Every structure is written in structure tokens, then in C-alpha cells.
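For reference, the structure is listed below as C-alpha cells.
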Amino acid sequence: MTRRPVRGVEIRVEDPKWKKLSASARARVKQIALRALEREKAKGSLTVLLSSDARLKELNALFRGKNKPTNVLSFPAEENPDRYLGDVAIAFGVVTREARESGKHFAGHLAHMAVHGVLHLLGHDHEKPKEAARMEGIEREILAEFGIADPYAVVRTPARRTPANRHG
């Protein structure tokens, strides 16, 4: 009899733009997703789909009635004997834009989206302030273990120098 792993994460690259992501960055996404499962004592496996904005827009419209792309979507599986937990889909363009606009590193923001998606898969939510605080706390804890900055901290960008504030 073959024993299935207690926890497993498969990374699938659907959009060619994700091919730019190094093997070590993909491995880190997998490690972070596994850590989220471990932290929540979840047994089973899941798939992280690295996809396009168009695909997430399609899925967002179909399943949430929102006709726009989003950064991450989670699709919990029905209870099953294989302990397959479900799928997490992440959009390349949205994650890239959000990272750039917020002054965050792409890899750190991607890691945040992976943890966020896995926690949603496991039933966490952020609709109410108390739920949001709990979920964000778990995200911060897991990301910190990997040396990733608090994703909810305000990132300050240096002021632009203009003739009015230029010194000497």
C-alpha cells in the first residue's frame, strides 16, 4: 500500500510570463504554502496555479460575479478520500502591478498571495475585523519565518527632490 504524503503542494505554471520566475522562487512559494498547511495542522495536498490576469478575470466572473482580474483566488475542494484540499490561482500581472505600486519586492508579494490563498482554502476569511486580524496575524507570522517583511506595513517611498527642497 502506497502512503500519501501528509501535506503536498504542486506548483503549475499556466501563463508563460511566470517562466521568468526562478526555480528557487517557485520552490519558495511551495515551501511557504506547505508551512501554511503545517501551521494550520491541515493534512492534504493542494495546487498553486500561476496564471494570467485574463484567466483570473474569467474565474472571478464565473465564481464571484466580479468581471475583473484579481490577485489570488482559492477554490476549496469537496471533502474527498484523497485529502485534496483544492486550488489556489495567482495572477501574474495583478501581483506584478501591486508589488510595484506598493513598493514591495515581487517575490515577497507573491509569497504573501500564496499564504493568503492557502489560508482562504483552509476556511480563513477577512470579511469582519476580528477575522481579518486573525488571518493577517497568521500571514505575518509565516512570512516572517521566511524573512519576508510585514505585508500590511505601510511602505514609505523617499520624497522626490524638487528645486524647492533641494539642498546646497
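The values are calculated or read from the model by the stated rules, or taken from the named source; none is laboratory data. Keep in mind that what you see is a predicted model, and the values were worked out from it rather than measured. Cβ sites come from the backbone with ideal geometry, for glycine too, and all protein chains shown count toward neighbours.
Worth pointing out:
- Looking only at the range 46-91, and only at residues there that are within 16 Å of the chain's Cα centre (by Cα) and among the hydroxyl-bearing types (Ser, Thr, Tyr), the one that is nearest to Ile32 (Cα to Cα): Thr47
- For the range 138-168, the candidate set comprises residues that are basic (Lys, Arg) and surrounded by fewer than 11 Cβ atoms within 10 Å (Cβ to Cβ); within that set, the residue that is modelled with the highest pLDDT is Arg156.
- Picking from residues in the range 113-137 that are in contact with a helix residue (DSSP H, G or I) (Cβ under 6 Å, 6 or more places away or on another chain) and farther than 14 Å from Asn71 by Cα, the one that is surrounded by the fewest Cβ atoms within 10 Å (Cβ to Cβ) is Asp125.
- The range 29-68, subset free of Cβ contacts under 8 Å to residues at least 40 places away in the same chain and charged (D, E, K, R), residue nearest to Val9 (Cα to Cα): Lys30
- Checking Lys41 against (1) farther than 23 Å from Glu101 by Cβ; (2) touching an Asp or Glu at 6+ places or on another chain (Cβ under 9 Å); (3) not aromatic (Phe, Trp, Tyr), the condition it does not meet: (2)
- Looking across the range 113-132, the residues that are of a type in the set (A, V, I, L, M), in a helix (DSSP H, G or I) and either within 16 Å of Ile32 (Cβ to Cβ) or at pLDDT 95 or above (or both) come down to Met113, Ala114, Val115, Val118, Leu119, Leu121.
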